[in-house]
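In what follows, a single structure is set out as structure tokens and then discussed.
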Amino acid sequence: MNEILGRIRGGVHTAVRHDSAIGHVTGAARYLDDIPTVPGTLEAALVLSPHAHARIRNIDLTRTRAASGVIAAITAADIPGKNDIAPIRSDEPALAIDKVEYQGEPVVAIAALTLDQARAAAKLVEITYEPLAAVLTVEEAMANESYVSPPQLMVRGEVEPALAAAPHRLSGELRCGGQDHFYLEGHIALAVPGEAGDIHVTSSTQHPTEVQHGVAHLLGLPFNAVTVEVRRMGGAFGGKESQATIIAGIAAVLAWKARRPVKLRLPRDDDMVATGKRHPFLFRYDVGFDGEGRILALDLTLAANGGNVADHTPAVLTRALCHGDNCYFLPNVRFRGLPCKTNTVSNTAFRGYGGPQGMLVIETILEVIARQLGLPVDTVRRCNYYGIGRNDVTPYGMTVEDNIIERVVDELDRTVDLAAWRREIATFNRRSAVVKKGLATMPIKFGISFNRPALNQAGALVHVYVDGSVVLNHGGTEMGQGLFVKVAQVVAETFAIDLDHIRVSATSTAKVPNTSPTAASSGSDLNGMAALHAAEQIKTRMTEVAAEHFAVPAGEIIFASNRIYAGNRSLSFPELAKLSWEKRVSLSAAGYYRTPKIHWDFASNTGRPFYYFAYGAAAAEVAVDTLTGETRVLRAELIQDCGRSLNPAIDLGQIEGAFVQGMGWLTTEELWWDAQGRLRTHGPSTYKIPGSRDVPRIFNARILSDAPNREATIFHSKAVGEPPLMLAISVWLAIRDAIASLADYRRAPALDAPATPERVLAAIEEIRGRAKG
């Protein structure tokens, strides 16, 4: 019937532009720093530690407090509540207490009449430090057994006997670096004291509830006295999940001290030095396999550089362990996760959340096996893929029920003709002495849901006004990824009204409480379902009003094309809204959703942590200059499983953006600390994110067609925010393939990530040296 009556504009499964697209490109979209402040608002600045590890002997604020325009200057001693903003564990201070544990740790905060005055006063702070020995590498932390949380273990089968009995056995080591989030909008917060001891915080955060809790702890307030609000962020990528609490918390303490509104924004250099990043990892593996490349046993250590405190490291490490299998059945496996404590900034959530690191190492192991046996990597992968009805249980005990990886990989092959593409590469390499090309593919199986079951819930609030307009609020946050428009499409579809009748209001802890972070690619899954629940409640009430009005059973009422039909008779949506109000029927509802089926045992690292898996595959072609080590991605072909996409336009943008960000992590983005533990790559002049010229000239992203989610997700869609990032591993593998073409030698190149020109040159020299030897 709905198809006969026609479609609405902007319902689900349609390509609709981002709700703020025009504002983004014209500059009309307001970010936190664009919001006019009230008179009397103070500007804040931080004093950061110059040492990686030191005891604080004395802090003298005499000259600072006497400086022009200074209203407040605070240290940890001025915090009225508990100086702890830990997201998972405890003892993670907003301001250093008696010692500093990384270069860039906030020690003092100043609020002044102007930003220039605050920054000038910060330079007058006198701090006496006693430098201490610093642990700066994962290897040092492992040797000292220095960890930010207990090590983790995931075991299945009999690893030692299987390794000993394997026809072939290899061991090796791999490193991958971290990555700065490099969001366009840096960290910022505005704290405004209320009249009764309460406080309102506007924060650039992915997790308003965590900021609410952090501020409440610091000020010694109940949660209901702290309201946190965010309309949009200029990018986040995980970097504004726990880290935003540092900024908002310090701003709130300054506002409490000064009894005036305070805005704290970090300049780019301070932002990069003071806040956490993607976790660098050190991997060590021992693998046994047969003559076909089938893995029989794997002993794998995943050592994450957690930085100075736990932050998100325990959960990131768990997620890495849960993705160390990627698409492959591992009959005997031992994953050891080491959350290493070093005197560097605490590493934190980042798009993929441990998944990229876990997938990187298993793909490297498969490549090493393939080269050792002289087999194509794709052949070795195929004999290790999870099966359907057999070999389908993960190392953590979850049965893979939705396996479509072979379909995805086969579709990629058919679409791009991988065999012909490889022949072209081989022909080029035979003719080219200096520039070598490489080609590699990458399959992915990425789990969707938070590993911590309690986070898999969401709330939403929907209001229908008597003119038929709708306001939607939910616990998700908008950081440019298109969550707001997707959830609005769900409500539009439910009411069968055009999308432009719906307005999404700013996320606020005062409207939807106890929210989960907008993370783990779960934003649409959770908040979309909560909004659907709220809208369906209102729709049911309005249906009863319409049924009474038309004197027909409720089952005969149809919402379609902005009208409500009972046979040939109809009312417009605004008319029914007004009629419902006149009948004293509520047009407001709170919706709620909790993800079903999931459970997790943290002690044994077993359970069903994911509601479903998202699949994808990519092929990438690169060129490597063997004289300079420079690389360029020439072509990338991507296929991503989005279920039945809520919004193909938004999803394609996410696929492309995630791939390029992953490409940066694996090629150009290098974080470098000197021997004193000082980060030296803390700005765009020293830290290279991909630019427009780094994007492959041939770049095709496709959404897998006719693949609705088998689980009862929101309109059978799938998450898309994180999974495509791992497709970029194909680029790194292609660089390794190009290097390997220099010698007919059955060992993989010795190349870590990121594949900077220096590392590429070293790998080239190493493989040439092996060939000569």
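In the chain, helical runs assigned H by DSSP with n ≥ 4 each contribute -39500 (n - 2.57); averaged across all residues and rounded to the nearest 500, the mean residue ellipticity at 222 nm is -9500 deg cm²/dmol. Rolling a 1.4 angstrom probe over the protein heavy atoms with all chains in place gives segment 1-80 an accessible area of 55 Å² per residue.
For segment 196-248, averaging the sequence separation of C-alpha pairs within contact (under 8 Å, six or more residues apart) and dividing by the residue count gives a relative contact order of 51 percent. Beyond 32 Å in Cα-Cα separation lie the following of the pairs K123/K341; K511/K578; K341/K688; K341/K718; K277/K445: K341/K718. Figure legend: label point modelled 7 angstrom from the Cα of V466 along Cα→Cβ; residues of segment 562-577 with amide N under 15 Å from it are 574-577. Seen from E126, the other residues with C-beta closer than 13 Å to its C-beta sum to a net charge of +3, counting Lys and Arg as +1 and Asp and Glu as -1. Across all Cα atoms of segment 351-484, the radius of gyration (one decimal) and Dmax (whole number) stand at 22.2, 73 Å. Straight-line reach from K597: taking Cα to Cα under 15 Å and skipping same-chain neighbours fewer than 8 places apart, the aspartates and glutamates in range are E401, D402, D525, E711.
Taking R0 as 56 Å, what's the FRET efficiency between R594 and R431 from their Cβ-Cβ distance, rounded to 0.05? Efficiency computed from Cβ-Cβ geometry: 0.40. Taking only alpha carbon atoms, segment 658-713 gives an Rg to Rh ratio of 1.23, where Rh is the Kirkwood radius. Each Lys or Arg adds one and each Asp or Glu takes one away; over the other residues whose Cβ falls under 9 Å from the Cβ of F484, this sums to 0. Between E575 and R89, full extension at 0.36 nm per residue minus the direct alpha carbon distance yields a gain of 169.7 nm.
Straight-distance candidates among the lysines for linking to K772, with alpha-carbon spacing under 25 Å and chain neighbours fewer than 8 residues away dropped: K436, K437. For a paramagnetic label modelled on H168 (point 7 Å from Cα along Cα→Cβ), amide N atoms under 14 Å away belong, within segment 280-321, to 287-297.
Residues whose amide H lies under 5 Å from that of F559, counting only those 5 or more places away or on a different chain, are Y565; hydrogens are built 1.01 Å from N in the peptide plane. Taking 0.36 nm per residue of separation and subtracting the current Cα-Cα distance, fully stretching the chain between D694 and E195 would add 174.4 nm. Assigning unit charges at the beta carbon (Lys, Arg +1; Asp, Glu -1) and nothing else, what dipole magnitude in debye, to the nearest 20, does the chain show about its Cα centre? Magnitude of the dipole: close to 540 debye.
When each of the peptides 206-215, 582-591, 625-634, 443-452 is scored by the mean number of other C-beta atoms lying within 10 Å of its residues, the order from highest to lowest reads 206-215, 443-452, 625-634, 582-591.
For I689, no residue has an amide H sitting under 5 Å from its own, ignoring neighbours fewer than 5 places away on the same chain, with H placed 1.01 Å from N. Label positions at E582 and V25, each projected 7 Å from the Cα along the C-beta direction, are separated by 4.4 nm. Other residues within the sphere of radius under 14 Å centred on the Cβ of V253, judged by their own Cβ, net out at +3 (K and R +1, D and E -1). The string of couplings for segment 748-764 from the Karplus curve (6.51, -1.76, 1.60, θ = phi - 60°) is 6, x, 8, 10, 8, 10, x, 7, 6, x, 5, 5, 5, 4, 4, 5, 5 Hz, one whole number per residue in order, with x for Gly and Pro.
Each of L163, G178, G238 was placed along the dipole of segment 140-281 (beta-carbon charges, centred on the mean Cα), and the one lying farthest toward the positive end is G238. Distance between the C-alpha centres of segment 517-553 and segment 309-345: 39 Å, rounded to the whole angstrom. Full extension of the segment from K99 to E758, taken as 0.36 nm per residue of separation minus the current Cα-Cα distance, would add 233.6 nm. Pull out a ≥ b ≥ c, the square roots of the eigenvalues of the alpha-carbon gyration tensor of segment 669-752, then state rounded if a/c is under 1.5, prolate if not and a/b is larger than b/c, and oblate in the remaining case. Since a/c reaches 1.5 but b/c is at least a/b, the shape of segment 669-752 is classed as oblate.
Here the dipole of segment 201-269 is about 340 debye; that uses its Cα centre as origin and unit charges on the Cβ of Lys and Arg (positive) and Asp and Glu (negative). Taking a ≥ b ≥ c as the square roots of the eigenvalues of the Cα gyration tensor, the chain is classed as oblate, since a/c reaches at least 1.5 and a/b does not exceed b/c. Based on protein heavy atoms only, segment 384-457 ends up with 44 Å² per residue of surface accessible to a 1.4 Å probe.
Run the accessible area of the chain with a 1.4 Å probe and give the carbon-and-sulfur part as a rounded percent. Carbon-and-sulfur percentage of accessible area, whole number: 51. Projected onto planes of every orientation and averaged, the convex hull of the alpha-carbon atoms in segment 554-610 covers 7.0 nm². Using the Cβ-Cβ distance between T37 and E424 with R0 set to 41 Å, the FRET efficiency works out to roughly 0.10.
Averaged over its residues, segment 578-729 has an accessible area of 42 Å² per residue, based on protein heavy atoms and a 1.4 Å probe. Extending 7 Å from Cα along the Cβ direction at R632 and again at D498 yields two label points whose distance is 4.7 nm.
Converting the Cα gyration tensor eigenvalues of segment 1-87 into ellipsoid dimensions via √(5λ) gives semi-axes, longest first, of 51, 20, 13 Å.
The values are calculated or read from the model by the stated rules, or taken from the named source; none is laboratory data. Since we're looking at a predicted model, the values are computed, not measured. As a convention, Cβ positions derive from the backbone with ideal geometry for all residues, glycine included, and neighbour counts pool all protein chains shown. The accessibility values were calculated without ligands, DNA or RNA, using every heavy atom of the protein model including side chains. Shrake-Rupley method; radii C 1.70, N 1.55, O 1.52, S 1.80 Å.
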